[in-house]
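A.B. asks: Got a structure for you, questions after.
The values are calculated or read from the model by the stated rules, or taken from the named source; none is laboratory data. If you're wondering where the values come from, they're calculated on a predicted model, not measured in any experiment. Because the Cβ atoms are built from the backbone with ideal geometry, glycine has one as well, and the counts that use them run over all protein chains shown. Just so you know, the surface numbers come from the protein's heavy atoms only, side chains and all, with ligands and any DNA or RNA stripped out. Shrake-Rupley method; radii C 1.70, N 1.55, O 1.52, S 1.80 Å.
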Amino acid sequence: MKGETVRLVLLGPPGAGKGTQAARLARRYGIPHVATGDIFRENVREETDLGRTAAEYMDRGDLVPDEIVIEMVTARLAEDDAAEGFLLDGFPRTVGQAEALESTLAERGTPLDGVLSFAVTDEEIHRRLAGRRDEEGRSDDTDEAIEQRLNEYRDKTQPLERFYEERGLLREIDAVGDVDEVFGRATGVVGDLAGSRT
Ligand code: AMP
């Protein structure tokens, strides 16, 4: 895999442990980890216009409007380091975002290799999010915002499983287990994806 390009999307509900796996996978394959939530939080910290706009939505647990996110990600993927592949974490989150990504990548002639969908039970999600709230103190980890993020996920993001399934890109990963175990499953899947590429 090393030295090859790989273009991946990570999908999964809040609290699925996606961010941790994304960081490790990006390091393993030497590709940029593009996490839209992290980019927004950085903008909030730096008090940019984008940060101010995004914070209104984030604090409620709502999704930031598509046009804002799409513009931000399109610009990020146009940077030099993303020419060698990338791992998208937290994007796309709506069918509109997925369609925009698909057409941007089609124009570049660099389609996705696969979409890793991290699966956990609802019970496990609640347990993990409550733990993270206590540890990290994120402003969008209040009970109301957590509930709203899960609603947004079910309504707007879950349909992406079908979207990518129809394109033959979806690979489900059991995200229950310790970090190394889940990482092992994920790298196994990425290896298969790369192996099946012609
Ligand atoms: P995350 O760190 O991925 O859980 O994202 C935190 C928050 O940032 C989300 O609850 C949204 O408000 C916003 N956000 C991140 N990525 C997106 C996206 N692709 N579309 C819309 N909103 C997003």
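A.B. asks: Does Ala98 qualify as being outside any loop (DSSP other than H, G, I, E, B) and within 21 Å of Ala23 (Cβ to Cβ)?
C.D. replies: For Ala98, the condition - outside any loop (DSSP other than H, G, I, E, B) and within 21 Å of Ala23 (Cβ to Cβ) - is not met.
A.B. asks: Please give the number of the condition Arg93 fails out of (1) open to solvent by 70 Å² or more (accessible area, probe 1.4 Å); (2) at pLDDT 95 or above; (3) more than 12 Å from the ligand (Cβ to nearest atom).
C.D. replies: So Arg93 meets the others, but not (3).
A.B. asks: A further question follows. Just for region 1-49: of the residues that are in contact with a Leu (Cβ under 8 Å, 6 or more places away or on another chain) and without any contact (Cβ under 8 Å) to a residue 40 or more places away in the chain, which one is farthest from Pro159 (Cα to Cα)?
C.D. replies: Applying the filter and picking the extreme gives Asn43.
A.B. asks: Give all pairs with beta carbons closer than 8 Å in which a residue from region 50-70 that is in contact (Cβ under 8 Å) with a residue 60 or more places away in the chain meets a residue that is more than 7 Å from the ligand (Cβ to nearest atom) and assigned to a loop (DSSP other than H, G, I, E, B); count only pairs at least 6 apart in sequence or on separate chains.
C.D. replies: Met58/Ser139; Asp59/Ser139
A.B. asks: Then there's this: Can you name every residue in region 19-68 that is open to solvent by 30 Å² or more (accessible area, probe 1.4 Å), near the ligand (Cβ under 9 Å from one of its atoms) and part of a loop (DSSP other than H, G, I, E, B)?
C.D. replies: Within region 19-68, Asp62, Leu63, Pro65 qualify.
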